Amino acid sequence: MIEVSGLTKSYGKNRGINDVSFSINEGQIVGFLGPNGAGKTTTMNILTGYLIADKGDVKVAGIDILKEPLKARRLIGYLPEQPPLYLTMTVKAYLNFIAEMKKVKKATRDSHIGEICEMVGITGVFSRVIGHLSKGYKQRVGLAGSLIGDPEVLVLDEPTIGLDPRQIVEIRNVIKKMGKERTIILSSHILPEVSAICDRILVISDGVIVADGKPDDLAVAKAEDYTTLIVRVADTQSGIRTLLNGIDGVRKVSPLGKIEAESSDFILECDKGSDIRKALFRTLAKADCPILMLRPQKDSLEDIFLKLTEKTAEEEVS
Amino acid sequence: MIAIFKRDFIGYFTSAIGYVYLGSYILVLNLMFYLGNMLGSSSTLVALFGFMLTIMMFITPILTMRVFSEEFKLKTDQALYTLPVKLTSVVLGKFLSSMAVFGCLLVLTLLWPLTISILGENNISEVVGNYVGILCIGAAYISIGVFISSLTENQVIAAVGSLGVFIALYILDMVAMFFFSGGVLPVWVMRILVFVSIYGRYTEITQGLLALDTIIFFLSVCAVFLFLTVRRLEKRKL
């Protein structure tokens, strides 16, 4: 549905994005993840035709956005970081204006706008002036604007920013619901959000895509590089730490404290590629220390995100 | 284009701008009409239109300063750029909406010839000439103001910048004449200055000389500045 190849854009001396390529299939919800200033907004602005890239192509449903801009834009609904709202207009006037610009037929306009307002929950403020609304409502009006005309592709730049936790959940549900029939790209620097909504994550850091995959894949792939185990052992005797240290392949043992009564937790960092679980069981069994829990420590998305984006920052320095 | 026109036109009157523009204009002008034509028992509107032209320099920036500056500031330009609409339509729609507010002003001033027709007699060709002249120069001013508004996201800068340009155009003739009579400027420079002089042409119209080339001149000024505005907006995308 969306084909992006070799997108490059710089602002004066500052590099915006560099050689960004990806393709997104129909019906996917893709999350753009990255720290502030990584190039998320720049990429989205180019996708939607607000900016023109220095190099590279963007095709939406096979239509080049530079060659046939109006045709391509008709397929895209865009919610920029700051919703483009005319503050002196009422919600009704604003949505009608957008509908007119998107050439929604007059006969179906009212019912179309009504449906969208119902969906994003702004029916109650329909005839109020936008400038008087709270941030959360403004955000929803912006979202409603991007939904008008039933675009096949939705580009949402930080759609849940400035909303309270309950509203965030509501908007997420709206996005999920819409994602069943549409292709959605959304950006965020909030990880749980992206992993909750998206089928696929693109991590962008310093203008370059550093990772691409399903939320789970990303987590697993990086966890295999090293082995870290968390073990909970019943406190039947002292000196368990020395015991654990003696196991072949264990590099470091750090106590995690007591989480369950009469037990101790430890983190075992082991040599790469080694699997010490059997040895661990035998050693502790011999010492009559029952293992209450044993699990590998998987990197959370948060950790992966930090690692991926730190790496490029370090490279930059060197 | 129509959607933009409607939105902007209504926008003038949902904010204070439209009222300030029309109100301040009409208040001052009607006072002058009362002093000059009613108390002075004069039936000619030439002096009044001349005065209107002078204060137009100061009041037109109120009308045009926000046209694009405000869009940039509030980031609503992102909608204009990403909706399926050509930039030419955006610029034309906005220009026409400013023209429409200016048109409202002219409609309000129709009260003058109406009053005069009741109390005395109008010089029809003079009245028509003055209206055509002020409409032409208003269009030229608005197109220049719209262009300057597209250069900055600061409304104050847009307003002051437009005012500066209008004053420069106003004194262009006088400066040219001054240097010419002093023998500083060669004749061809003088000719160019006279050719581009908006006021020289305006005076011609008010004297009843409605030449085709003058109309074309004013239409060209609008076209050039609206074109420059479109180019400027395109450039912002790079």
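If you check A:Arg282, A:Arg251, A:Arg295, which single one turns out to be more than 34 Å from the chain's Cα centre (by Cα), among the charged types (D, E, K, R) and within 11 Å of A:Thr228 (Cα to Cα)? Reasoning before the result, please.
Details: A:Arg282 fails: within 11 Å of A:Thr228 (Cα to Cα); A:Arg295 fails: more than 34 Å from the chain's Cα centre (by Cα).
Among A:Arg282, A:Arg251, A:Arg295, only A:Arg251 is more than 34 Å from the chain's Cα centre (by Cα), among the charged types (D, E, K, R) and within 11 Å of A:Thr228 (Cα to Cα).
Taking the residues in region A:209-230 that are at pLDDT 80 or above and surrounded by 17 or more Cβ atoms within 10 Å (Cβ to Cβ) as candidates, determine which candidate is nearest to A:Leu7 (Cα to Cα). Break it down into steps so the answer makes sense when it comes.
Pass one, region A:209-230, residues at pLDDT 80 or above: A:209-214, A:229-230.
Now restrict to residues that are surrounded by 17 or more Cβ atoms within 10 Å (Cβ to Cβ): A:209-211, A:229.
Values: A:Ile209: 11, A:Val210: 15, A:Ala211: 16, A:Leu229: 41 Å.
Residue satisfying both the conditions and the ranking: A:Ile209.
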Which pairs do you get when a residue that is under 11 Å from A:Ala234 (Cα atoms), found in region A:259-274, comes within reach of a residue that is assigned to a loop (DSSP other than H, G, I, E, B), reach meaning Cβ atoms under 8 angstrom, with the pair 6+ apart or on two chains?
A:Glu262/A:Asp235; A:Ser263/A:Asp235; A:Ser264/A:Asp235; A:Ser264/A:Lys258; A:Asp265/A:Lys258; A:Asp265/A:Ile259
Of everything in region B:225-235 that's surrounded by 14 or more Cβ atoms within 10 Å (Cβ to Cβ) and either over 18 Å from B:Thr64 (Cβ atoms) or in contact (Cβ under 8 Å) with a residue 60 or more places away in the chain (or both), which residue is farthest from the other protein chains (Cβ to nearest Cβ)?
B:Phe225
Where the second residue is at pLDDT below 85 and part of a helix (DSSP H, G or I) and the first is within 14 Å of B:Gly138 (Cα to Cα) and hydrophobic (A, V, I, L, M, F, W, C) and lies in region B:164-175, which pairs have Cβ atoms under 9 Å and are six or more apart or on separate chains?
B:Leu169/B:Val196; B:Leu169/B:Ile198; B:Leu169/B:Tyr199
Can you run down the residue pairs with Cβ atoms below 6 Å, 6 or more apart or on separate chains, where the first is in region B:92-121 and in contact (Cβ under 8 Å) with a residue 24 or more places away in the chain and the partner is in a helix (DSSP H, G or I) and among the acidic types (Asp, Glu)?
B:Lys94/B:Asp8; B:Ser97/B:Asp8
Pick from A:Ile184, A:Ile168: which is more than 14 Å from chain B (Cβ to nearest Cβ), part of a helix (DSSP H, G or I) and hydrophobic (A, V, I, L, M, F, W, C)?
A:Ile168
If you scan region A:1-25, which residues turn out to be among the basic types (Lys, Arg) and free of Cβ contacts under 8 Å to residues at least 12 places away in the same chain?
A:Lys13
Take the residues in region A:49-90 that are within 20 Å of B:Tyr12 (Cβ to Cβ) and among the β-branched types (Val, Ile, Thr); name whichever of them is modelled with the lowest pLDDT.
A:Thr88
Only unsatisfied item for A:Asp199, checking (1) buried (at least 22 other Cβ atoms within 10 Å of the Cβ); (2) touching a residue at least 40 places away in the same chain (Cβ under 8 Å), is (1)
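Name the residue that is nearest to A:Thr41 (Cα to Cα), counting only residues in region A:56-105 that are of a type in the set (Phe, Trp, Tyr) and within 7 Å of another protein chain (Cβ to nearest Cβ). Don't jump to the end; show me each part of the working.
Taking region A:56-105 first, the residues of a type in the set (Phe, Trp, Tyr) are A:78, A:86, A:94, A:97.
Within this subset, residues satisfying the condition of being within 7 Å of another protein chain (Cβ to nearest Cβ) are A:78, A:86, A:97.
On the way: A:Tyr78: 11, A:Tyr86: 21, A:Phe97: 25 Å.
So the residue we want is A:Tyr78.
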Got a sec? Which helices (runs of 4 or more DSSP H) wholly within region B:53-139 have at least 2 residues that are at negative phi and within 14 Å of chain A (Cβ to nearest Cβ)?
B:66-74, B:77-82, B:87-109
How many residues does region B:1-44 contain that are under 30 Å from B:Tyr81 (Cα atoms), away from chain A (no Cβ under 14 Å) and either among the acidic types (Asp, Glu) or assigned to a loop (DSSP other than H, G, I, E, B) (or both)?
0
Of (1) within 14 Å of chain B (Cβ to nearest Cβ); (2) farther than 21 Å from B:Phe13 by Cβ, A:Lys135 satisfies every one except (1)
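The values are calculated or read from the model by the stated rules, or taken from the named source; none is laboratory data. Bear in mind that the values here come from a model prediction, so they are computed numbers and not experimental data. Quick reminder, even Gly has a Cβ in these numbers, built from the backbone with ideal geometry, and neighbours come from all protein chains shown.
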